[in-house]
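**Student:** Got a structure for you, questions after.
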Amino acid sequence: MPPAPSPTRSRVLRDAVAIGLAVGAYGLSFGAAAVTAGLSTLQACVLSLVAFTGASQFALVGVLGAGGSAAAGVAGSLLLGSRNTLYGVRLSSLLGLHGPKRYLAAQVTIDETTAMGTAAPPEVRGVAFWATAVSVYGFWNLSTLLGALGAGAVDTSALGLDAAVGAAFLALLAPQIHNRVGLRVALGGALLAAAAIPLTPAGLPVLIAGLAVLPAVLRR
């Protein structure tokens, strides 16, 4: 008879499922926004399967929906996704992964899996990371499909889904602002982007907004 799961392990698994469900709600918005921006249902699903980083995906479809080039959209997505590289450096020492598992872990290293993997007790750290990865990856891709199918079946312009990218992007950004420094960076980025919109092609304002972090970095 297998041993009963520990309370800590059960709690971690429960939290992983809850996080997956919460992230899935954003996946519905992404699927709808991607189709509204001109992607097919298949393209939206492949993007979620391969890219699997919500902020970067929203940035890409936002640029494409505004008429920007694919190059500008990809550049903004890479900029936003670069933080996952730093997550990987931290997690590699905590999880002790080797061989093919390292490549698989790199694909699912995002905000949620990093938070769970670093916050969990050492004895269930690996369970927390992988359970969250499976939950979020599964719900995100399923909800992307449902959102894309739903957007393809209705008149998205009549429902105002063209605003979904901006609204969802703000919803992803807001929880990352923890102090006055973060607030100043966010407001500075918004002002830079607003000033750049009438002067630059679609997609570049997102990159220009990233300059707002430089004063904070230089002060450190």
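Values quoted throughout were computed directly from the atomic coordinates according to the rules given, and no laboratory measurement underlies them. Predicted, not measured: the structure shown is a model, and the values here were computed from it. Don't worry about glycine lacking a Cβ; one is built from the backbone with ideal geometry, like all the others, and counts go over all protein chains shown.
**Student:** What's the percent breakdown of Cα-Cα distances in region 1-95 across 10 Å bins, shortest bin first?
**Tutor:** P(r) over region 1-95, rounded to whole percents: 14, 34, 28, 16, 6, 1, 0.
**Student:** With labels modelled as points extended 7 Å from the Cα through the Cβ direction, what inter-label distance (nm, one decimal) is found for Arg11 paired with Leu214?
**Tutor:** Once both label points are built, they end up 4.5 nm from each other.
**Student:** Name the helices (complete DSSP H segments) of the chain with a Cα length along the long axis of 15 Å or more and a Kyte-Doolittle mean of at least -1.0, or state none.
**Tutor:** The qualifying helices are 7-36, 54-65, 70-81, 83-95, 125-153, 180-196.
**Student:** Could you order peptides 41-52, 131-142 by the average number of other Cβ atoms within 10 Å of their residues, highest first?
**Tutor:** 131-142, 41-52
**Student:** Once both labels are modelled 7 Å past Cα along the beta-carbon direction, what's the Arg83-Ser40 spacing in nm?
**Tutor:** Here the answer is 3.4 nm between the modelled labels.
**Student:** Continuing with this model, one more query. Looking at the P(r) of the chain, how many percent of alpha-carbon pairs lie beyond 22 Å?
**Tutor:** Taking all Cα-Cα pairs of the chain, the fraction more than 22 Å apart is 55 percent.
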